[in-house]
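Quick notes on the structure that follows.
The values are calculated or read from the model by the stated rules, or taken from the named source; none is laboratory data. No experiment lies behind these values; they were computed from the predicted model shown. Neighbour counts are summed over all protein chains in view; Cβ atoms, including those assigned to glycine, are modelled from backbone coordinates with ideal geometry. The accessibility values were calculated without ligands, DNA or RNA, using every heavy atom of the protein model including side chains. Shrake-Rupley method; radii C 1.70, N 1.55, O 1.52, S 1.80 Å.
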Amino acid sequence: MKVPLLDLKAQYATIKDDVLTAVAEVLDSQVCIGGPKVAELEQKVAAISDCKFAVGVSSGTDALLASLMALNIGPGDEVITTSFTFFATAGSISRTGALPVFVDIDPRTYNLDPSKIEAAITSRTKAIIPVHLYGQMCDMDPIMEVAAKHNLYVIEDAAQAISATYKGRKAGSIGTVGCFSFFPSKNLGGAGDGGMIVTNDPALHERLVAMRSHGSKPKYYHKFVGGNFRLDPLQAAVLLVKLPYLDAWSQARRDNAKYYDSHFSTPNITTPYVDPDCISIYNQYVIRVPRRNELMTHLKQNDIGCEVYYPLPLHLQECFQSLGYRTGSLPEAERAALEVVAIPIYPELDSAQRDQVIATVLSREPLHKSATRVIFE
Ligand SMILES: Cc1ncc(COP(=O)(O)O)c(C=O)c1O
């Protein structure tokens, strides 16, 4: 039996008629930029995120870029973030002309280690971008504390964590702004690229709205340079169909995670650690094993989808060589990159598929018997 890492067709089959109707509505209206679908999605995403405002944008990447630009971050500035994230987090910082400053992760959650932030702050630091990796929020209290102490903005990269919570607070609602991605593999994924920024700051909201249309307000009058960062109404229409299912889909992922957790109680597999303060949406279910590449070969040979998020930490990427990091600079991020692997967790996974994934992972187990136990408690 084949088990893909993600099966978008299985999800589409459950909502196909509604998606086609919603898309036809947009096409019939010929409102091809902005319009009621984008406004409705903004209002609904703001509401589920416990935020006053939301601004639909063209991608999660542009959500980050537009936020940084709206906060006037640019050349001469530094922005602290994690090295263990998708490239867009640091790429967006660089594109403003600012420097990304990488801090190591907590090896249990893979998120930014708050205790390491203060040492990285200089007189040039303007912001911190905590990334809520794999669907679990960062430990936000100490991050907000250090940000307040040093007067820094906090841009939550919640691309993988829409509707996740930390101490009952929603992803995106704690920092200065929160950035979501609607990339198709996300818990709320469009039929293409899309993203959203949420905030509780009315002035920043106004600036972000202008920022996504070349900094114009009114039209053709430009106070500052922005970009074309608009969310497509066709994407908004698809996302509005999917939004009511988000909680149930995330719960199905949590159920799958619980089932995996209970079957992977073996010394060589470290299952995801979820902080008691957090509810994860499990955008990914990531296990940690000492001989990761061998396990992946085995999974692929047996038609089980798997992927490494992410194989090379950002501080070691070629494009960031000039920043001066070396192997060994951020040991936890580097070790995680060698040991993590994501396995299928999508909501439509059936019980036979889940059991197949478990059996295939565990059939590799004898080879791991002599390996060092990797566990963090
Ligand atoms: C942590 C993180 N940040 C930013 C992004 C960028 O989002 P997008 O692909 O929508 O541009 C992604 C998604 O891929 C992500 O996972």
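Packing, taken as the mean count of other beta carbons within 10 Å per residue, orders the peptides 181-187, 45-51 from highest to lowest as 181-187, 45-51.
Computed from the C-beta positions of residue 245 and residue 1 and an R0 of 35 Å, the FRET efficiency is 0.85 to the nearest 0.05. Sorting the Cα pairs of the chain by distance into bins of 10 Å, from 0 upward, gives 5, 24, 32, 25, 12, 2, 0 percent per bin. What does the accessible area per residue of the chain come to in Å², with a 1.4 Å probe and no ligands, DNA or RNA counted? Heavy-atom SASA per residue in the chain reads 43 Å². The accessible surface of the chain, taken with every protein chain in place and a 1.4 Å probe, is 54 percent carbon and sulfur.
For the range 1-98, the mean projected area of the C-alpha convex hull, equal to one quarter of the hull surface, is 9.9 nm². The figure for residue 134 is an accessible area of roughly 20 square angstrom, using a 1.4 Å probe on the protein chains alone. Assuming R0 = 56 Å, what is the FRET efficiency of residue 32 and residue 262, from their Cβ-Cβ distance, to the nearest 0.05? Efficiency computed from Cβ-Cβ geometry: 0.70. Accessible surface ranking for 355, 157, 28, 1.4 angstrom probe, highest first: 28, 355, 157. Only protein heavy atoms count here; under a 1.4 Å probe, residue 296 has an accessible surface of about 20 Å².
Of 311, 272, 75, the residue with the greatest mean-square motion in the GNM of the chain, using alpha carbon springs below 10 Å, is 75. Between residue 293 and residue 122, the modelled label-to-label distance comes to 3.5 nm, taking each label 7 Å out from Cα in the direction of the beta carbon.
The listed residues 153, 310 rank as 153, 310 when sorted by accessible area, largest first, using a 1.4 Å probe. Rounded to the nearest 10 square angstrom, residue 303 shows an accessible area of 80 square angstrom against a 1.4 Å probe. With the convex hull drawn around the C-alpha atoms of the range 229-377, the volume per residue stands at 178 Å³.
Taking a straight line from the alpha carbon of residue 258, these lysines sit under 21 Å away, with near neighbours fewer than eight places off in the same chain left out: 167, 186.
Taking every DSSP bridge with both residues inside the chain, close to 60 percent are antiparallel.
Secondary structure note: in the range 91-236, about 60% of the DSSP beta bridges are antiparallel. Counting only protein chain heavy atoms and rolling a 1.4 Å probe, the accessible areas of 2, 37, 44, 167 rank, largest first, as 2, 167, 44, 37.
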